[in-house]
Amino acid sequence: MNQNYGTTGIKHALAMLLVMALEDANHQRLNIPYISSLPTPPDVSVATEASWLRDLLPVVDAKVYEQIRKLLNGSVALPGGLVDRQLFDDTAKNISLILRALSESYHATYAVTANDGLTLWDPGCYPHPSVWRVRETIAALLA
């Protein structure tokens, strides 16, 4: 594997983790079962799925997508722990909590109005007004 492909793989994997971190109104991360159920990235985006950023999955490198899907549906033991669906779920949950905490702690200390500053994650959770910021970040990782 060359250095450029390795870097691309890491960027695409991080983009997929962000996609998996999105939650619905009940704080469920529905992209995890969505990804684990599809053997390859979806070919076409569906407008109703745009809030889940699933429409960006076709851009993900097929090898990266396949490997993440294998880990979601199986496991691999590594020094220090097991990589499996539970780890992906915990990681996605932690990413969304961190983004929400960054956003809310900023507003509690610095914001003048609810719409200024560092609105990374909507405290109401869904639909995510910040989905376009997350989309821009994912698009940069997938570029």
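The values are calculated or read from the model by the stated rules, or taken from the named source; none is laboratory data. Predicted, not measured: the structure shown is a model, and the values here were computed from it. Virtual Cβ from ideal backbone geometry, glycine too; neighbours counted across all protein chains shown.
Here are the numbers:
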| read-out | value |
| --- | --- |
| Pick from region 72-92, criterion touching a Ser or Thr at 6+ places or on another chain (Cβ under 8 Å) and either in contact (Cβ under 8 Å) with a residue 40 or more places away in the chain or assigned to a helix (DSSP H, G or I) (or both), ranking: surrounded by the fewest Cβ atoms within 10 Å (Cβ to Cβ) | N73 |
| Conditions (1) of a type in the set (A, V, I, L, M); (2) modelled with pLDDT of 85 or more; (3) under 20 Å from L142 (Cα atoms); (4) not in a helix (DSSP H, G or I): number failed by I95 | (4) |
| Odd one out for T48, checked against (1) more than 14 Å from the chain's Cα centre (by Cα); (2) farther than 15 Å from L142 by Cβ; (3) at pLDDT below 85; (4) in a loop (DSSP other than H, G, I, E, B) | (4) |
